[in-house]
Amino acid sequence: MVCGNMEVEVPRSTWDKLYDPQPEKVAIAVKSLKNCIIGSKKQKEQIVEQGLLARLVNLLVEPDINPRVKTNVVQIFGSISKGSELTAKSLSDAGVVKILLNGLVNTEPQLTEACLLSLVSIFDSKETSIEVIYSDPAIISHLLSLMPHSTNSSVAVCRLLTKGCESLDHQNILLNSGTPKSICEVLSSPVPVAQLCALQCLAAMVYKNENAAHVYLSTSAQGKSLMGHIVFYTGREHQEEIQLEASRILTYMYRCGVFEEDGLIVFQVLPCLVRLCKKEERVVNRILAAETLAYLIEIDVELQQIAAISNHLICTTASFLRWEPDHRQKASGMSRVQMNKLTQQLEKEADQAKQLRKAAFHVFASLSANDEEIRKRLIETEPVVQSVVGALQDSDEDVVMSAIRCLHSLSRSVQLLRTTFQDHTVWEPLMKILSSPASKVESVLVASSTLCNLLLDFSPSKEKILDSGAVELLCELTRKYDPSLRLNGVWGLMNLSFNSEQRIKSQIMTTLGTDQVFRLLSDTEIQVVMKTLGLLRNLLSNEKHHIDTITSLYGKQLMQAVVFILESENSHEVKEQALCMLANIANGDTSKKLIVDNEDVLKKLKSYMLHNNTNLQTAAVVCIQNLIWREEEGSCDRQAKLKDIGVFNILNQLKTAEDSVLKEKVKMALDQASM
Amino acid sequence: MGEGGLRDISLNQSRDDSDLLELMWMDQLAKVQVPRQTLNKLVMNYLVTEGFKEAAERFQEESGVSAEIDLNLLDNRINIRDAIQAGKMDEAISLLNDLHPTLLDENRYLLFHLQQQSLIELIREQRVEEALEFAGNHLAERGEEDSKVLQELERTLALLAFEDPFSSPFSDLLSHTHRQQVASEVNEAILKAEHADSAQSKLAASLKLLIWAQEELDKKKVRYPRMTDLAAGKFQDPK
């Protein structure tokens, strides 16, 4: 006998009757089969092995079969999907999903509901992709129409939609299919399970979707507003899970910017999330509450400050880092199945510990993002700093990422840089991440931002970082495709070169190379250009002989760079940087020649002195001032030359300038004139 | 004596004071008002929760308090309960699978108790071979899944070792009370699956609260007339 495209031997088992020509016998056999497999994993596997799925599928598809029998078959499928990943896969392979989806349009309510519930079970398995519900727009709208039939139906549909809502596209499809009103109706249910499922669905649908958030903000059904429901469910009379989901929804909507804070966040949502982080709560809730809280306060310093003093949050979160599961008695002489179960349990707990650490680092990263006082408190809390540093070397990428973010926030503290970060070698793991080709772009980005902070001049770890190849690494970053990485590369070099020794400056120039400098100066990202100019300014700073050394090697290219920028279409800010660079060159000894002997540059200086932007004027005047500085050798000759081309005339003109800073610089310059 | 009668009294242990205490307590107790409507609702809730349909219908007529649900919905639960109490386990499981097909997949401990009862019924009828086969086919899997059940399973199988299981140390398993226990467990599970307000009657909840409150008072060594016989509402003499 062949059913579909599966060859099935006539089974010698008790299930012969499934193939009986008499419908009553078939009905009895189906019922019997159902009772047999519910509760027994072995039986489920046997059914699949004996190839009975094809026959069952047949029974569903044949139009003459009694709906009662079909309902039983559907329930059998639901039960089989709860067996193992293997049995679930077999269902998928036998095309059961499509058939059940078709079954949803059946007129028999019992059969329809059975199909719904079985679908929920089937999609629970990793083997079955839920994308299929989007294959036909009618499916979604039909699912929504089934919601009001019963509590079980609403719960099932909500679960399906929550599972199926995995992307922005999904969110938008659901938004436009009438989901808002349907969800709103389910939220009026008096049954807690239904309330929770509806809330979970809603959370999935508004996450990072401003458009959706707007729509849900103004949704109402049966005279009650959706927002009204959600705020109601943050109340403490509800289960923790319900409070958590409601708070999550409000957090997402708030972050989408769809409503103004008028007390709801500070007095309801934030305290709720803080409370749900506590030890008394279930671990899954603690994790979700912490992650949501981290997201809520991420970019708002006021919220960070409030959270930092809320209900011992810092201590509570620190305890995440020390969490251990309840001690369990080890039973002696365990069977294989029990051993498997124990292993599963242990794996689950290890995963929970990991999730807790990640969540804790996210909370700390958000808390310490903007406020120095909070950072100080955090580093004084055990075991925060050592956990963060330790986690930088964790085998799990996600944990490493969360630790880097935390470190980044903390590295914005000057005090920390000077003290704690010297005690803990944070830079080592950071450098490892930066030099590993396998690192994700996101990790490299945050790690390099952190490194930039660590390279500030007063940081004691600066030397060690240099020794381990920081210059090469940063130069490498400047060549990356991602503009943020290029920015961090050049920013790092800029910080590195500030007030630093000649050898470091030389190393930077040599490693980076003048070609790369020019490339960076022509970068599409204006920030990159600015920081490159900043780097050049730093290289041309401090001591005269630094300036002279660099200009003796790269003078020509540096002047070309200045001209390049001044002739470009860039903004005033950028050009100001170039003029400052020029002023620095003018500060050296031998380097002065570069400017004075360059007719073109002198002409430009003159025109900038007369520019309508006072900042540019001031920068040009400072340059002139440096050139004619009386105490320096060759000053007279230079002054004579500049006088010849009319620079002093312009200076005299500018004596009456309105801007006080400009006026002062002009006066200083004129004072240098010896005649 | 100062304010707050009870607390100060507990410091003095003389006999006269104890009598005085009891009188004061009972006096205050007598003053507490519990509206009739509340009591009626409690009774109705108990009847509905436990599945006493006819009694609930009569009570509805006689007291005027509404059951607030269609009492015909109780039929399913009642049929299952009746089947269990009659020892017809196959029928009970079949009915349960019709009513809530996912329940026994999700609650294997409940399934174990139902199957255990099936085994007990086979033992009761002295169908020893069938009993052993049944145990091997079904209960072994339960034992593998959950070590909790092993002890209970052992006791049940031990019945087979006796010539007359009714006089063995495990004879309690064969009693009708055991069937009742399983029936209650199933009843509770069904109520939960039906998203009922509570799987327990509110009357049971109130009594639990009473027991808890008494335990708390005992912990703090307060002397008061303790209700020891809940069913009869009798107080113990404070000695």
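Just give the residues from segment B:66-103 buried by at least 30 square angstrom of accessible area in the all-chains context relative to the isolated chain, probe 1.4 Å, and say none if nothing qualifies.
The answer is B:SER94, B:ASN97, B:ASP98, B:PRO101.
Relative to the longest principal axis of chain B, what angle (0 to 90°, nearest 10) does the C-alpha long axis of helix B:89-99 take?
Orientation of helix B:89-99: about 80 degrees from the principal axis.
Rounded, prolate or oblate, given the Cα gyration tensor of segment A:538-614, with a/c below 1.5 counting as rounded? Spell out each step's value before the answer.
Details: a/c = 1.85, a/b = 1.66, b/c = 1.11.
Because a/c hits 1.5 or more and a/b exceeds b/c, segment A:538-614 counts as prolate.
Which ³J(HN,Hα) values, rounded to whole Hz and listed in residue order, are derived for segment A:307-316 from phi using the Karplus coefficients 6.51, -1.76 and 1.60 in 6.51 cos²θ - 1.76 cosθ + 1.60 with θ = phi - 60°, glycine and proline given as x?
4, 4, 10, 8, 6, 6, 4, 4, 4, 4
Report the Cα centroid-to-centroid distance between segment A:559-585 and segment A:124-142 in angstrom, as an integer.
59
Can you compute log10 of I(q)/I(0) for segment A:45-85 with the Debye formula, treating each Cα as one identical point scatterer, at q = 0.18, 0.28, 0.32, 0.34 Å⁻¹?
-0.50, -0.99, -1.13, -1.18
Rank A:TYR254, A:TYR481, B:TYR224 by accessible area, highest first, at a 1.4 Å probe radius?
On the way: A:TYR254 45, A:TYR481 210, B:TYR224 15 Å².
Of A:TYR254, A:TYR481, B:TYR224, the descending order of accessible area is A:TYR481, A:TYR254, B:TYR224.
Among rounded, prolate and oblate, which fits the protein assembly as shown when a ≥ b ≥ c are the square roots of the eigenvalues of its C-alpha gyration tensor, a/c under 1.5 means rounded, and a/b larger than b/c means prolate?
Prolate shape, in that a/c is at least 1.5 and a/b is the bigger ratio.
Provide the solvent-accessible area of A:ARG159, counting protein heavy atoms only and rolling a 1.4 Å probe, rounded to the nearest 10 Å².
120
Could you size up the charge dipole of segment A:114-227 around its Cα centre, putting +1 on the beta carbon of Lys and Arg and -1 on that of Asp and Glu, and report it in debye to the nearest 20?
320
Please compute the Kirkwood hydrodynamic radius of chain B from all pairs of different C-alpha atoms, in Å with one decimal. Mind dumping the intermediate values first?
Details: mean 1/r = 0.0463 Å⁻¹.
The Cα-based Kirkwood calculation yields 21.6 Å.
At each listed q (0.21 Å⁻¹), what is the log10 of I(q)/I(0) that the Debye formula gives for segment A:237-309 modelled as equal alpha-carbon point scatterers?
-0.86
Express the carbon and sulfur contribution to the solvent-accessible surface of chain A as a percent, rounded to the nearest whole number, probe 1.4 angstrom.
50
How far is it, in nm, from the label point at A:LEU342 to the one at B:GLU194 when both lie 7 Å from their Cα along the line to the Cβ?
Simple spin-label model gives 4.1 nm for this pair.
What is the dipole size for chain A, taken about its Cα centre, with +1 at each Lys and Arg Cβ and -1 at each Asp and Glu Cβ, in debye to the nearest 20?
Dipole size: approximately 820 debye.
Roughly to the nearest percent, how much of the accessible area of segment B:5-148 is carbon and sulfur, given a 1.4 Å probe?
Its accessible area is 49 percent carbon and sulfur atoms.
Thinking of segment A:501-547 as a set of Cα atoms, what percent of all their pairs are more than 17 Å apart?
Roughly 34 percent, once rounded to a whole number.
With each run of n ≥ 4 DSSP H residues scored as -39500 (n - 2.57), what mean residue ellipticity at 222 nm is computed for the protein assembly as shown after dividing by its residue count and rounding to the nearest 500 deg cm²/dmol?
It lands at -20500 deg cm²/dmol.
Which of rounded, prolate, oblate describes segment A:286-409, given a ≥ b ≥ c as roots of the alpha-carbon gyration tensor eigenvalues and a/c under 1.5 marking rounded, otherwise prolate only if a/b is larger than b/c?
prolate
In Å², rounded to the nearest 100, what is the total accessible surface buried by chains A and B against each other with a 1.4 Å probe? Spell out each step's value before the answer.
Details: alone 31700 and 15380 Å², together 45360 Å².
Approximately 1700 Å² gets buried when A meets B.
Averaged across orientations, what area in nm² does the convex hull of the alpha carbons in segment B:93-184 project?
Hull-based average projected area comes out at 6.0 nm².
Report ³J(HN,Hα) in whole Hz for each residue of segment A:157-163, in order, from the Karplus equation J = 6.51 cos²θ - 1.76 cosθ + 1.60 where θ = phi - 60°; Gly and Pro get x.
Result, rounded to whole Hz: 5, 4, 4, 4, 5, 4, 4.
Would you mind computing Rg(Cα) / (2.2 N^0.38 Å) for segment B:70-123, counting N as its residues? Walk me through the intermediate numbers first.
Working: Rg = 11.4 Å, N = 54, 2.2 N^0.38 = 10.0 Å.
After normalising by residue count via 2.2 N^0.38 Å, the value is 1.14.
Give, ordered by residue number, each residue of segment A:78-95 whose 1.4 Å probe accessible area is reduced by a minimum of 20 Å² on adding the remaining protein chains to the chain alone.
Buried by 20 Å² or more upon assembly, which counts only protein chains, are A:LYS82.
Averaging over every viewing direction, what projected area does the convex hull of the Cα atoms of segment A:353-431 cover, in nm²?
4.6
For A:GLN415 and A:ARG630 in one chain, what is 0.36 nm times their gap in residues minus the Cα-Cα distance, to one decimal in nm?
Length gained between A:GLN415 and A:ARG630: 73.2 nm.
Leaving out ligands and nucleic acids, note down the accessible area per residue over the protein assembly as shown with a 1.4 angstrom probe, in whole Å². Don't skip to the answer; put the middle values down first.
Working: 45360 Å² over 914 residues.
For the protein assembly as shown, the solvent-accessible area averages 50 Å² per residue.
Along each principal axis of its Cα atoms, how long is segment A:539-673 end to end? Whole angstroms, biggest number first, please.
40, 36, 26
Assuming R0 = 25 Å, what is the FRET efficiency of A:SER141 and A:VAL61, from their Cβ-Cβ distance, to the nearest 0.05?
0.55
The values are calculated or read from the model by the stated rules, or taken from the named source; none is laboratory data. Bear in mind that the values here come from a model prediction, so they are computed numbers and not experimental data. Quick reminder, even Gly has a Cβ in these numbers, built from the backbone with ideal geometry, and neighbours come from all protein chains shown. The protein model used for the area step is the full one, side chains on, heavy atoms only, and it has no ligands, DNA or RNA in it. Shrake-Rupley method; radii C 1.70, N 1.55, O 1.52, S 1.80 Å.
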